Structure formats: structure tokens, C-alpha cells
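Peer 1: One structure, pasted below without further comment.
The values are calculated or read from the model by the stated rules, or taken from the named source; none is laboratory data. No experiment lies behind these values; they were computed from the predicted model shown. Counting neighbours? That spans all protein chains shown, and the Cβs are built from the backbone with ideal geometry, glycine included.
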Amino acid sequence: MEESNEDRNVSPELYFLIAKFLSGGPLKETAKTLIKELESVEVLPRRTDWEGNEHTQSYDELSSQYKDMPPERLAEVCQQALRLSSSQGQVAAKLSLLGDTLVRPPPKYTPYKEDHSLVRRIARRELGFGSAAALGGVGGKGLVSPRLLSGLQLQRRTLGHLSAVYCLLFDCTGRYVVTGADDLLVKVWSARDGRLLATLRGAGAEITDVCITSDGALLAAGSVERAVRVWRLDTAAPVASLTQHTGTITAVHWSPTKDNDLRWLASTSTDGSVAFWTCSRSGQFLSQPVQYVERMRPGACHMICAAW
């Protein structure tokens, strides 16, 4: 039975292409040393006789078989792999052979299963699908006008995170876009030209939500590690790490109003609690928040959203 492409061992052919590439370049002595070692350990592609028996081959024998193959074949294969990866992913960014884009396994999707949870119903309502899309039992198919969707235009696509982006927001001035992702990073982008302005590090798990104060001074981010981290937006300097929750942070929100000396930050968690943190104008937080815990009922009790 013929071997599938998925199960095929390409290492012998790759060794030969590397030796061929080095032989055609300035590293002649390196190529001779490599060829000698490849032949000694017998890792070059083998030939099969009419009885199905395999036999080793020398580099010269392989070169005579593929005498029309240029030394640049390895570079051509790599360039073609980058082109194919870029066209399939439709990412307008410069790919590299040193990244993991070419070897990252495709995502595995679970079979569709109808989910009547509150989270799914809210998501369907926001997207305009199904009976949960409107109040009064009206179906949601007509809530999203095709005319509205046809007028949407892609302005820019940027490859900025190493994994899935979970949250995004504009600051109140409209100058900055903030994203939080599965790679444990919070990034600040220019809304004008899409340039990366700052990368905020320190989170130990996936970022779940981000929020900026109304004056654009402080940025807060919640994560799966049960902590809320705060940075100064102008300098990207860390301000505080707030760790009173015992579950994943699901939402963070700054109060839209503040007095001359105080700010308030609200955070919710899968532990069923909402915490209100008091922050001074200089960015100093009180050590203990005002925290309210939802009475636990049978089954999971999650705080999934919040708003001032």
C-alpha cells in the first residue's frame, strides 16, 4: 500500500537537499564534511529493487539520478511553503521559516452541539441569530441588515499576537486600540495607522478582559490566573497586581466617574464574586477591595459580565 503524505518520512530527502544546497554555495568544505557523515550513518534516501528490498545510496549516486535538480531547490521549496501558508491563512504579514506558522497543527473543531446556556444565548442575540436575538420571541434573522454588512470594509489586518485574541477595545479618545490574547500579552496599537505602540507583560495566563480609565491614564486587564493587573498607559509601567479573586477574571471596568482623588475599578470572576477596588490618583490601590459574593446554588455559579 502506498504511503500517505502525512506518514511519509521526509528527513532523508531533506538531508540530501541540504547537502546539495551547501555544495552549490560558498561552504564547500562544510558540504564535503556533511556528505561524508551522511554516507557513514546511512541516512540518505534509499533505493528499492524489484523484489522490494532497500539499498543504501551514496551522495554521488543520488546526484546522478537528480542531475537536473539545481542546488537552490531547498530554498525554492521553503519559499513555496511560505507562499502557500500566507495564501491559506490570508494574513498580510511577513512570515518566517523560523516561526511556528508552517508547523502549527490545524485547529480541531468539536462537533456542533446546541447550547442553551446564558453565554451562548447572549452571543446569539448580539450576532442577530435565532429566537434569542430579540425580545418578545421574534426571530433574529432580520436584525442584521445585509445592507449594513455589505457596507463594511476591511481597513487593516495585522498579525500581532502569537495566538487567539480574546478582547479588544478603543480608549475614550479613539487614539489607541488595546488587545488581550492567549499569548499572555496586552498590546497597545495606534488607531490611526495600526502601529504597535507598547506590549504590556506580566500576566501568567490568558487575558480575558481589558479596560482603560476615562482619562486614558490607567489600563487594567483580567486573566485566567485569577489576577487583575494595572499599567500606566503613557509609560507602560506596571502599577498593581490585584489578587483577591479565586477564579478566572471575567470582566474589568473602571468607573466612568471619579472625584479629585479616587478612582474605582470593578472586577468579576467565575468564583461568583464582584470586587470594587479603590485607587488613588497616583495609582495606589487599597490592599483589600469591597467584595460581594453571589449566594452559591447547586451547580456552577459564574459572574460572566459587568457594567457601570
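Peer 1: If you scan the range 162-190, which residues turn out to be surrounded by fewer than 15 Cβ atoms within 10 Å (Cβ to Cβ) and in a loop (DSSP other than H, G, I, E, B)?
Peer 2: LEU162, SER163, ALA164, CYS172, THR173, GLY174, ARG175
Peer 1: Scan the range 223-232 and tell me whether some residue there is in a strand (DSSP E or B), over 24 Å from ALA164 (Cβ atoms) and assigned by TED's automatic domain parsing to the domain that holds CYS172.
Peer 2: There is at least one residue in the range 223-232 that is in a strand (DSSP E or B), over 24 Å from ALA164 (Cβ atoms) and assigned by TED's automatic domain parsing to the domain that holds CYS172.
Peer 1: Scan the range 134-145 and tell me whether some residue there is part of a loop (DSSP other than H, G, I, E, B), of a type in the set (A, V, I, L, M, F, W, C) and either modelled with pLDDT of 90 or more or within 20 Å of the chain's Cα centre (by Cα) (or both). Steps first, answer last, please.
Peer 2: Taking the range 134-145 and keeping what is part of a loop (DSSP other than H, G, I, E, B), we get 134, 138-145.
Imposing the further condition that a residue be of a type in the set (A, V, I, L, M, F, W, C) reduces the set to 134, 138, 143-144.
Adding the requirement that they be either modelled with pLDDT of 90 or more or within 20 Å of the chain's Cα centre (by Cα) (or both) leaves none.
No: zero hits.
Peer 1: Next question, about the same structure. Would you mention how many residues in the range 41-67 are part of a helix (DSSP H, G or I) and within 16 Å of SER11 (Cα to Cα)?
Peer 2: First, the residues of the range 41-67 that are part of a helix (DSSP H, G or I): 41, 59-65.
This time we only want the ones that are within 16 Å of SER11 (Cα to Cα), so: 41, 59, 62.
So the count comes out to 3.
Peer 1: Taking GLU225 and the conditions (1) free of Cβ contacts under 8 Å to residues at least 24 places away in the same chain; (2) more than 25 Å from LEU184 (Cα to Cα); (3) surrounded by 13 or more Cβ atoms within 10 Å (Cβ to Cβ), which numbered condition does it fall short on, given that it satisfies the others?
Peer 2: The failed condition is (2).
Peer 1: Could you list all residues from the range 241-265 that are among the hydrophobic types (A, V, I, L, M, F, W, C) and surrounded by fewer than 21 Cβ atoms within 10 Å (Cβ to Cβ)?
Peer 2: Within the range 241-265, ALA251, LEU262, TRP264 meet the criteria.
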